[in-house]
Ligand code: ARG
């Protein structure tokens, strides 16, 4: 479906043309004086010079051509030359009706689906998920859903951190603790055990311990570096122990992401890029891009126009070990072979910007990916506590994601129990659904690149620009629809009964709903889920306003009532579709 604003603009452009003016002057925008009109056109002002005429004369000419318009109810030419516009109730009623009967509410999908990879989540194996990874998961999941909804072929890849020093640290520490294990016996040629020699909690204890130790103990650090290198070069026992770490850790990660409503098409990691490294390095050397500098292999990525410092991209360390850059480059090579993507989006902490800039430049320069491909870094800000500093636990430690979710759930449960009489089991279930919305909406409603304050009281409030408020609105609609059905209302026939609005708040609600295609497309183009949040907040407000002004169920005019029921169903469907794009859902009641 054409966008509402385009249809309105077209009508205006036709009028400019019919009055003898350039049709491009007829661009319409949303009114910045909603007290006077709904839309406005400033084309007469813009055309004054070109036609050597007072703007008001042009505006009057155009207005005269719109006297019988099917779109505009009112076209006021006002000094010095504005066109103030109000649209016809039938026009918006018809638009919304068509929208209701169109697939995806009139959103036009991409004509040529592109192949797009989204790299998000990025957890590090054997380290518990902490809130730093929360934002990547929440934002990435929403972007994946938005891009897919637009009709593109999207592959979401978790890109595990499973190949760096943290693996060497764990292996080195395990070897010190359990030297008798066959993994550490160089002469062992048999089959390694199938069971991992540790549990997830043990693993989670080992990593921070080893990491702390490496900062104080040079010899241990050297051991860990050596273990990393040996793992990467294929030492049999280390590979086997690494596999155990992966199994134990990935099982736990999957469980956590599932709780968050986050899912990945690919569970690849840095290690999967490893086989691509040797050839990639060979090619970079052969083509003269990579050279030795102070023992390391590097590629220059500086450009003349650079204002900030741009160090060379390191490909191999002096000991031959791969780096974070190396795995990211090899992963591009792998993704090109697998999907030939037209774009790869990376959702990671904005402090990694330099890393990605180097990687992207190096990939382009060394022709790892086709020239027209878009490599895009979507850097997000930090989630801070109320004190404006990075969010911590009460005792100052790093907050585990699981505990954070639990905290929000408990708070939500309290609020739900306070609100009404409900048994604790159902309340708990509802609290889980609402807590996820509170958490995700609290995050997504901010522009991703900005830092934001995690404010549990505000996020879990049923009022204001929050997830629970949106869900509350949806539940309110569901309950009206259920009551209508209970009172033997014929919901099936009502569903299609939408007609022209009969009051102002109904018209306003329809106008907001009608922006669905434009809003989603805009969120897609700017890769900005916060645009969807702003849109549904606007819907929820328009709906609640309409609801307070309209006695829906006690209306005696059946036709009117049915039209409203139909509008309610549409509002519910649009909201539920939008929150699905954000990655959460609404309960039946709350
Ligand atoms: N594992 C990384 C971290 O925790 C994030 C990975 C981001 N993605 C990437 N392709 N480098 O910082």
### Message
Which of the numbered conditions does residue 204 fail, given that it passes all the others? Conditions: (1) at pLDDT 95 or above; (2) in a helix (DSSP H, G or I); (3) within 16 Å of the ligand (Cβ to nearest atom).
### Response
(1)
### Query
For residues in the range 107-121 being touching a strand residue (DSSP E or B) at 6+ places or on another chain (Cβ under 6 Å) and not in a strand (DSSP E or B), which is nearest to the ligand (Cβ to nearest atom)?
120
### Task
Can you confirm whether the range 377-391 contains a residue that is touching a residue at least 12 places away in the same chain (Cβ under 8 Å), part of a loop (DSSP other than H, G, I, E, B), within 14 Å of the ligand (Cβ to nearest atom) and within 18 Å of the chain's Cα centre (by Cα)?
yes
### Task
Output the residues belonging to the range 130-146 that are more than 8 Å from the ligand (Cβ to nearest atom) and surrounded by 22 or more Cβ atoms within 10 Å (Cβ to Cβ).
134, 135, 137, 138, 139, 140, 141, 142, 143, 144, 146
### Summary
Cβ pairs under 9 Å, 6+ apart or interchain, first in the range 337-366 and within 22 Å of residue 525 (Cβ to Cβ), second more than 15 Å from the ligand (Cβ to nearest atom) and part of a helix (DSSP H, G or I), ordered by first then second residue, are 345/147
#### Entry: the range 340-369: number of residues that are within 12 Å of the ligand (Cβ to nearest atom) and under 22 Å from the mean Cα position of the chain (by Cα)
13
### Message
Condition first: surrounded by fewer than 24 Cβ atoms within 10 Å (Cβ to Cβ), without any contact (Cβ under 8 Å) to a residue 24 or more places away in the chain and either touching a strand residue (DSSP E or B) at 6+ places or on another chain (Cβ under 9 Å) or in a helix (DSSP H, G or I) (or both). Can you find one or more residues in the range 147-158 that meet it?
### Response
yes
#### Entry: Where residue 308 falls short, out of the listed (1) touching a strand residue (DSSP E or B) at 6+ places or on another chain (Cβ under 9 Å); (2) closer than 27 Å to residue 528 by Cβ; (3) more than 12 Å from the ligand (Cβ to nearest atom); (4) not in a helix (DSSP H, G or I)
(1)
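Of the residues 372, 418, 410, only one is at pLDDT 95 or above, surrounded by fewer than 20 Cβ atoms within 10 Å (Cβ to Cβ) and over 25 Å from the mean Cα position of the chain (by Cα); which?
Values: 372 fails: over 25 Å from the mean Cα position of the chain (by Cα); 418 fails: at pLDDT 95 or above.
Unique residue meeting the criteria: 410.
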#### Entry: Residue that is farthest from residue 363 (Cα to Cα) [pool: residues in the range 282-306 that are crowded, with 17+ Cβ neighbours inside 10 Å and in contact with a helix residue (DSSP H, G or I) (Cβ under 8 Å, 6 or more places away or on another chain)]
297
### Task
Could you tell me which of the residues 127, 104 is within 16 Å of the ligand (Cβ to nearest atom) and within 30 Å of residue 263 (Cβ to Cβ)?
127
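Out of all the residues in the range 317-339, which are away from the ligand (no atom under 12 Å from the Cβ) and in contact with a strand residue (DSSP E or B) (Cβ under 6 Å, 6 or more places away or on another chain)? Please lay out each step first, then the result.
Taking the range 317-339 and keeping what is away from the ligand (no atom under 12 Å from the Cβ), we get 317-322, 333, 336-339.
Those that are away from the ligand (no atom under 12 Å from the Cβ) and in contact with a strand residue (DSSP E or B) (Cβ under 6 Å, 6 or more places away or on another chain): 317, 318, 339.
The values are calculated or read from the model by the stated rules, or taken from the named source; none is laboratory data. Just so you know, these numbers come straight off a predicted model, no measurement behind them. Heads up, the Cβs are rebuilt from the backbone with ideal geometry, glycines too, and the neighbour counts pull from every protein chain shown.
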